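K.L.:
Provided herewith is a single structure, encoded as structure tokens, for subsequent inquiry.
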Amino acid sequence: MNTQTYTPPAVPWAELRNARNPQMTADGRLQHLLTLEGVSCDTLHHILNTAESFLSLSDHDVKKVPLLRGKSVFNIFFENSTRTRTTFEIAAKRLSADVVNLNIEASSTSKGETLLDTMDNLAAMHADMFVVRHNQSGAPYLMAQHLNRIDRKDIHIINAGDGRHAHPTQGLLDMLTIRHYKKDFTLLRVAIVGDILHSRVARSDIHALTTLGVPEVRVIGPQTLLPSGLAQMGVHVYHDMREGLRDVDVIIMLRLQKERMHGALLPSEAEYFAHYGLTTEKLAYARPDAIVMHPGPINRGVEIASDVADGSQAVILPQVSFGIAARMAVMAILAGGHGA
Amino acid sequence: MNTQTYTPPAVPWAELRNARNPQMTADGRLQHLLTLEGVSCDTLHHILNTAESFLSLSDHDVKKVPLLRGKSVFNIFFENSTRTRTTFEIAAKRLSADVVNLNIEASSTSKGETLLDTMDNLAAMHADMFVVRHNQSGAPYLMAQHLNRIDRKDIHIINAGDGRHAHPTQGLLDMLTIRHYKKDFTLLRVAIVGDILHSRVARSDIHALTTLGVPEVRVIGPQTLLPSGLAQMGVHVYHDMREGLRDVDVIIMLRLQKERMHGALLPSEAEYFAHYGLTTEKLAYARPDAIVMHPGPINRGVEIASDVADGSQAVILPQVSFGIAARMAVMAILAGGHGA
Amino acid sequence: MNTQTYTPPAVPWAELRNARNPQMTADGRLQHLLTLEGVSCDTLHHILNTAESFLSLSDHDVKKVPLLRGKSVFNIFFENSTRTRTTFEIAAKRLSADVVNLNIEASSTSKGETLLDTMDNLAAMHADMFVVRHNQSGAPYLMAQHLNRIDRKDIHIINAGDGRHAHPTQGLLDMLTIRHYKKDFTLLRVAIVGDILHSRVARSDIHALTTLGVPEVRVIGPQTLLPSGLAQMGVHVYHDMREGLRDVDVIIMLRLQKERMHGALLPSEAEYFAHYGLTTEKLAYARPDAIVMHPGPINRGVEIASDVADGSQAVILPQVSFGIAARMAVMAILAGGHGA
């Protein structure tokens, strides 16, 4: 078998679905973080509590703790994302880890090495953690299964976004943000707005919100950008934004991937904004104390109006701060002996 | 407002000029380092003294001090410069800071994020210092004003070169070099040679030399490469190099930006070298103990002859060493509680 | 002399050959590591022993030692190699050094700076070690000679691969691997298979194996990929793989540089594999406990069959682990006061 050009592995989803979730050990501890699907309410709260304990750290003069001292964290990004890579890099350094950044496109896969060969090589360098972003859904699963198969329990994988599938640390930071501002998940109405179909953020958020007991999760978007099967996930579907936003406590705006634009999926930016852009006028349908979230980077005037993005209900920048704490928490729990 | 492609902000210079210099706090301390214009003689000497205290550090076996331990320094380079980025990276690491390098061209601005949105995001990651290089004059000013406006006094900006405007740490390392070799600024004749018009180094040097009491600052260059208004800055203008170098103590050669060549501004490289290249013959017009400086990288045979660059009067490499110390000093003063 | 575009220095090989090896000090200590040629058996074993002491470190919870604390290691890669750069980066960080990565193509040489000017600048930043990869044979020699000439004994160069010439740390990790599995070099038959002509790995391995007393070193490859002068190096040449592998204890497969393919030097990949690819069938000619090595990344189905690469005799991944330890050893010995 010759792999001159890197052909991404065809992910055997059916098989993966039937297999035990490779992120849990046999005795129920978290070995990797690949998805929030199936993560228990207790585990989610343990992660959020740990993250909260790191939040106060930022106010200290020395913002470091030695939990991962001497550990090596590899940021393996098959898909470029300076912002996400930076937050993981900062989180790892605040835990005193050594961080190595690898942009794999420019590297060995271009020399014809398979994904798993690359993995095996990095594992042989005594890595402790792989933070993986990949444009193929399921790639971190294959890597985790492989590590489990070769019995490398000392290496932990964090999925930093895989294709359309999951972005669990974004989901966690969103939950940390909601818990911070709204306290009790069981009293909330949460709306997720935009391109649900292509959004790994939406998928991770829905799993977490449902598990944490949010009684009403809504998605709002045009028919073409909504996946099937939402009803089975217990989610309410809206196509009209004013209707969907009525009386919600939390609004999660999704980023519009403009590269979708030039397909048939979307009308013009202006038309999209008219229907699904969050403006002051539409925001007024939500509860007056509703918070506005966005995973960033925002497209001003496309999915959100500037005055809303900069307004008093927006918590978009606090989300970034919570993101560092959430990533520190996951790293500390997986590799720093912080339980769960 | 939609910012699909990154359009650099139009800098409102008039407004900036009239505003209080955003690098000083109300009580006169240095909050950011954006320019040497307006920095007092006392403050300059305080920075140089601090830098000098770090110079000896390089002779130690362990070259680190813990002044910035736990602090996060972001090198935000909108314009590529490995050399300058490296000196800031080393300076920060010697102060025990965590360093994150961001090449912003390849990053979020390409996703349509504005400069200030990028800033806000990085600020939300609990950064302590932004080292900023930008090809737009004034960009670090906008960033500093924004930080002041949102009351983030915990974040300090160092201008690592903005357009044609300023390169204050280069100015400081030049002053450190001159003070090291010549001791007393008030006895000196200093000549700056070359493309003054496009040089942020020249501008920073002229401000610092004037403030530090150098009685005679000369600039030497062709009419097309000299800005207007030099006389008001107290600078003497020469077009003939031999005349301009006569009896000077310090010669600061500027780098010739070859990309200027293919305009009408400059004749051929050979002709430029004939008129303004520093040769042994021309150097002889200066004082016999004159030092020859250059911000690097040098173009041998264009602005400086090889035997002069490698000769006994050249202090071009010591400048590089002084550059690390000068950058450590600025960082320590801004964020390490080192006064000023 | 104008160096607008970077023209790599013509390496004066004859002169270099006649000069004293610049990697040794006058009193016989290792100042740089440029090649394994001429490194004594005692020194090789000292390096291997030091590496072995670091191997156990990887099992510890905190994998760091403070031998290079406060030292600055510059990874200067004129030729891209994420894998090799990463191993040096990890090795340096485990020794507690500060690491600065420089990709020089994208940097100052593109601004017209000569190799030695770049070097001088980095040296002026108080570097302690340069890890250099360059596509020109001899480039690290020029750099070492220059450092010796300007009397910068405080800076150590490690050759991380120069053209076709040498890759000494790969040679060392290969020796560490062989010693680990086979104990006594003086009882071994070792075969190196593939493109010997273009392989700096082969060259470094042959020097080390010979010095360490391996009685029979064989090379196997097509006539077009074998250099002349092998007999003088005490090496046995084979063109037939089955013949060459007969009864060997160690097989070192070389990576096929596919870019050689489209010359006249090589037939098709399939034909190459038929003749020189390592299959189970051919492996059976070697001793049953023979180990299979490869510097990586492997081309499955070109120079090695997948079942051999993943089989029980392959030690390709352990080589990667040994590589970290070997590089730590060289760094510790050169700059960490670890003797030799």
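The values are calculated or read from the model by the stated rules, or taken from the named source; none is laboratory data. None of these values were measured; they are calculated from a predicted model. Glycine gets a Cβ as well: all are built from the backbone with ideal geometry, and neighbour counts include every protein chain shown.
K.L.:
Quick check on my filter: what residues within the stretch C:20-38 are touching a Pro at 6+ places or on another chain (Cβ under 8 Å) and either surrounded by fewer than 16 Cβ atoms within 10 Å (Cβ to Cβ) or not in a strand (DSSP E or B) (or both)?
P.N.:
Going residue by residue through the stretch C:20-38, those that are touching a Pro at 6+ places or on another chain (Cβ under 8 Å) are C:31-36.
C:Gln31, C:His32, C:Leu34, C:Thr35, C:Leu36 - these are the residues of the stretch C:20-38 that are touching a Pro at 6+ places or on another chain (Cβ under 8 Å) and either surrounded by fewer than 16 Cβ atoms within 10 Å (Cβ to Cβ) or not in a strand (DSSP E or B) (or both).
K.L.:
Could you check A:Arg164 against (1) in a loop (DSSP other than H, G, I, E, B); (2) touching a strand residue (DSSP E or B) at 6+ places or on another chain (Cβ under 9 Å); (3) within 21 Å of A:Glu303 (Cα to Cα) and say which number it fails?
P.N.:
(2)
K.L.:
Something else now. Tally time: how many residues in the stretch B:312-339 are under 21 Å from B:Pro288 (Cβ atoms) and in contact (Cβ under 8 Å) with a residue 24 or more places away in the chain?
P.N.:
Adding up the residues that qualify gives 5.
K.L.:
From (1) within 21 Å of B:Met331 (Cβ to Cβ); (2) touching a residue at least 40 places away in the same chain (Cβ under 8 Å); (3) within 12 Å of chain A (Cβ to nearest Cβ), pick out the condition that doesn't hold for B:Thr114.
P.N.:
Status for B:Thr114: all satisfied but (1).
Rundown of residues vs (1) within 14 Å of another protein chain (Cβ to nearest Cβ); (2) surrounded by fewer than 21 Cβ atoms within 10 Å (Cβ to Cβ); (3) over 16 Å from C:Asn103 (Cα atoms), yes/no style:
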residue	(1), (2), (3)
C:Asn121	yes, no, no
C:Val132	no, no, no
C:Pro140	no, no, no
C:Ala144	no, no, yes
C:Ile150	yes, yes, yes
C:Lys153	yes, yes, yes
C:Ile157	no, no, yes
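K.L.:
Also, quick follow-up: For the stretch C:39-65, which residues satisfy the criterion of being within 11 Å of chain A (Cβ to nearest Cβ) and either surrounded by fewer than 21 Cβ atoms within 10 Å (Cβ to Cβ) or acidic (Asp, Glu) (or both)?
P.N.:
Within the stretch C:39-65, the subset within 11 Å of chain A (Cβ to nearest Cβ) is C:54-55, C:57-65.
C:Leu55, C:Leu57, C:Ser58, C:Asp59, C:His60, C:Asp61, C:Val62, C:Lys63, C:Lys64, C:Val65, listed by residue number.
K.L.:
Right, something else. Select, from A:Ser96, A:Ser81, A:Ser108, A:Ser72, the only residue that is under 21 Å from C:Gln319 (Cα atoms), hydroxyl-bearing (Ser, Thr, Tyr) and at pLDDT 80 or above. Outline the logic, then answer.
P.N.:
On the way: A:Ser96 fails: under 21 Å from C:Gln319 (Cα atoms); A:Ser81 fails: under 21 Å from C:Gln319 (Cα atoms); A:Ser108 fails: at pLDDT 80 or above.
Checking each option against the conditions leaves just A:Ser72.
K.L.:
Right, another one. Please find, within the stretch A:142-178, the residue that is farthest from A:Ile316 (Cα to Cα) out of those that are of a type in the set (S, T, N, Q) and within 12 Å of the chain's Cα centre (by Cα). Give the steps one after another, and end with the answer.
P.N.:
As a first pass, look at the stretch A:142-178 and keep what is of a type in the set (S, T, N, Q): A:145, A:148, A:159, A:169-170, A:177.
Filter once more, so that each one left must be within 12 Å of the chain's Cα centre (by Cα): A:159, A:169-170.
On the way: A:Asn159: 22, A:Thr169: 16, A:Gln170: 12 Å.
That would be A:Asn159.
K.L.:
What about A:Ala286, is it outside any helix (DSSP H, G or I), modelled with pLDDT under 95, more than 14 Å from chain B (Cβ to nearest Cβ) and out of contact with any Gly (no Cβ under 8 Å at 6 or more places or on another chain)? Working first, answer last.
P.N.:
On the way: outside any helix (DSSP H, G or I): yes; modelled with pLDDT under 95: no; more than 14 Å from chain B (Cβ to nearest Cβ): yes; out of contact with any Gly (no Cβ under 8 Å at 6 or more places or on another chain): yes.
For A:Ala286, the condition - outside any helix (DSSP H, G or I), modelled with pLDDT under 95, more than 14 Å from chain B (Cβ to nearest Cβ) and out of contact with any Gly (no Cβ under 8 Å at 6 or more places or on another chain) - is not met.
K.L.:
Name every residue in the stretch B:177-210 that is basic (Lys, Arg) and either outside any helix (DSSP H, G or I) or over 19 Å from B:Tyr285 (Cβ atoms) (or both), in order of residue number.
P.N.:
First, the residues of the stretch B:177-210 that are basic (Lys, Arg): B:179, B:182-183, B:189, B:200, B:203.
Result: B:Arg179, B:Lys183, B:Arg189, B:Arg200, B:Arg203.
K.L.:
Moving to a separate point now. If you check C:Leu197, C:Leu226, which single one turns out to be more than 27 Å from C:Glu52 (Cβ to Cβ), out of contact with any helix residue (DSSP H, G or I) (no Cβ under 7 Å at 6 or more places or on another chain), modelled with pLDDT under 95 and of a type in the set (A, V, I, L, M, F, W, C)? Explain how you work it out, then say what you get.
P.N.:
Values: C:Leu197 fails: out of contact with any helix residue (DSSP H, G or I) (no Cβ under 7 Å at 6 or more places or on another chain).
Exactly one of C:Leu197, C:Leu226 is more than 27 Å from C:Glu52 (Cβ to Cβ), out of contact with any helix residue (DSSP H, G or I) (no Cβ under 7 Å at 6 or more places or on another chain), modelled with pLDDT under 95 and of a type in the set (A, V, I, L, M, F, W, C), namely C:Leu226.
K.L.:
Name the residues in the stretch A:124-136 that are at pLDDT 90 or above and within 24 Å of the chain's Cα centre (by Cα), would you?
P.N.:
Across the stretch A:124-136, the qualifying residues are A:Ala127, A:Asp128, A:Met129, A:Phe130, A:Val131, A:Val132, A:Arg133, A:His134.
K.L.:
Something else: What number of residues in the stretch A:59-82 are within 15 Å of A:Ala329 (Cα to Cα) and not in a loop (DSSP other than H, G, I, E, B)?
P.N.:
Looking only at that region, the number is 1.
K.L.:
Take the stretch C:211-223 and flag every residue that is at pLDDT 95 or above and in a helix (DSSP H, G or I).
P.N.:
Hit for the stretch C:211-223 is C:Thr211, nothing else.
K.L.:
Test each condition in (1) free of Cβ contacts under 8 Å to residues at least 12 places away in the same chain; (2) assigned to a helix (DSSP H, G or I) for B:Ser228 and report the one that comes out false.
P.N.:
Single failed check for B:Ser228: (2).
K.L.:
Taking into account only those residues within the stretch C:306-340 that are more than 19 Å from C:Val132 (Cα to Cα) and touching a Lys or Arg at 6+ places or on another chain (Cβ under 7 Å), which is surrounded by the most Cβ atoms within 10 Å (Cβ to Cβ)?
P.N.:
C:Ala309
K.L.:
Out of everything in the stretch A:69-108 that is more than 8 Å from chain C (Cβ to nearest Cβ) and among the hydroxyl-bearing types (Ser, Thr, Tyr), what residue ends up being surrounded by the most Cβ atoms within 10 Å (Cβ to Cβ)?
P.N.:
Here the residue is A:Thr87.
K.L.:
Also, I was wondering about something else. Condition first: β-branched (Val, Ile, Thr) and over 14 Å from the mean Cα position of the chain (by Cα). Can you find one or more residues in the stretch A:231-238 that meet it?
P.N.:
So in the stretch A:231-238, the residues β-branched (Val, Ile, Thr) come out as A:235, A:237.
Subsequent filtering for residues that are over 14 Å from the mean Cα position of the chain (by Cα) retains A:235, A:237.
Among the residues of the stretch A:231-238, at least one is β-branched (Val, Ile, Thr) and over 14 Å from the mean Cα position of the chain (by Cα), which makes the answer yes.
K.L.:
Select from the stretch B:304-323 the residues that are within 11 Å of chain C (Cβ to nearest Cβ), over 17 Å from C:Ala123 (Cβ atoms) and assigned to a loop (DSSP other than H, G, I, E, B) and list them in ascending order.
P.N.:
B:Ala305
K.L.:
Tell me, please, whether a residue that is modelled with pLDDT under 95, outside any loop (DSSP other than H, G, I, E, B) and more than 19 Å from the chain's Cα centre (by Cα) can be found in the stretch C:239-257.
P.N.:
Taking the stretch C:239-257 as the starting set, the residues that turn out to be modelled with pLDDT under 95 are C:255-257.
In the following step, the residues that additionally are outside any loop (DSSP other than H, G, I, E, B) were identified as none.
Checked against the condition, which is being modelled with pLDDT under 95, outside any loop (DSSP other than H, G, I, E, B) and more than 19 Å from the chain's Cα centre (by Cα), the stretch C:239-257 yields no hits at all.
K.L.:
Which of the residues belonging to the stretch A:289-303 are out of contact with any strand residue (DSSP E or B) (no Cβ under 7 Å at 6 or more places or on another chain), assigned to a strand (DSSP E or B) and of a type in the set (Val, Ile, Thr)?
P.N.:
Step one: list which residues in the stretch A:289-303 are out of contact with any strand residue (DSSP E or B) (no Cβ under 7 Å at 6 or more places or on another chain), which gives A:289, A:295-297, A:299-302.
Now narrow it down to the ones that are assigned to a strand (DSSP E or B): A:300.
Once the filter is applied, which keeps residues that are out of contact with any strand residue (DSSP E or B) (no Cβ under 7 Å at 6 or more places or on another chain), assigned to a strand (DSSP E or B) and of a type in the set (Val, Ile, Thr), the stretch A:289-303 yields nothing.
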